[in-house]
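No lab work stands behind these numbers, since they all come straight from the coordinates. Since the structure is predicted, the reported quantities are computational estimates derived from the model, not experimental observations. Every residue, glycine as well, gets a Cβ built from its backbone with ideal geometry; the counts of neighbours run over all protein chains shown.
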């Protein structure tokens, strides 16, 4: 799911439905953020950096972890052992042409991907990308708040809730949004620290 995806039009009967739907969607935004951040490189080896790389497997774009065993034998190395050795060149090419700036090598059975330490300039580029990813997810959370608020206004207009109930609910939705945005900020700060942490 992409964070900015709009929800299908819903016909909510109660404040509780609206709040629960908004919370589910905001939780999805957080999960999506974690997934996107796992694919952002830090100076340490992590198999998560390959999450968004797809290999052309007999015409089907397939994630590397569905074609091979991935291991981190040491802090600066990832090994990839394809289940089907005929795919070794395709996997190597997918990593080489990705935007990770890595230089894999294979011995016919195993691909070794050394993880070079990041230059300061590269760290700054990666942090900029991280900020962009975090902002996309903040925007997604605010869009969910906006949708929830519109549904609440509709309940008020349909006289399904009182003005007091609407006010309370708008306040709750705002608190929920603030809590989720604060989680996005915390996750982003922790990841940034990881990226800038020079070993």
Exercise. Where residues in the stretch 74-100 are in a loop (DSSP other than H, G, I, E, B) and touching a residue at least 24 places away in the same chain (Cβ under 8 Å), which of them is surrounded by the most Cβ atoms within 10 Å (Cβ to Cβ)?
Worked result: 100
Problem set entry | Residue in the stretch 101-117 that is surrounded by the most Cβ atoms within 10 Å (Cβ to Cβ), counting only those that are in contact (Cβ under 8 Å) with a residue 24 or more places away in the chain and part of a strand (DSSP E or B) | 113
Problem set entry | Selection within the stretch 132-146 - surrounded by 12 or more Cβ atoms within 10 Å (Cβ to Cβ), closer than 17 Å to residue 39 by Cα and free of Cβ contacts under 8 Å to residues at least 60 places away in the same chain | 135
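Taking the conditions exactly as written (buried (at least 19 other Cβ atoms within 10 Å of the Cβ) and part of a helix (DSSP H, G or I)), does residue 170 satisfy them or not?
no
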Problem set entry | Qualifying position, being in contact (Cβ under 8 Å) with a residue 24 or more places away in the chain, farther than 17 Å from residue 38 by Cβ and outside any strand (DSSP E or B), among 150, 165, 125, 121 | 165
Problem set entry | Options 131, 137: the member that is part of a helix (DSSP H, G or I) and farther than 30 Å from residue 11 by Cβ | 131
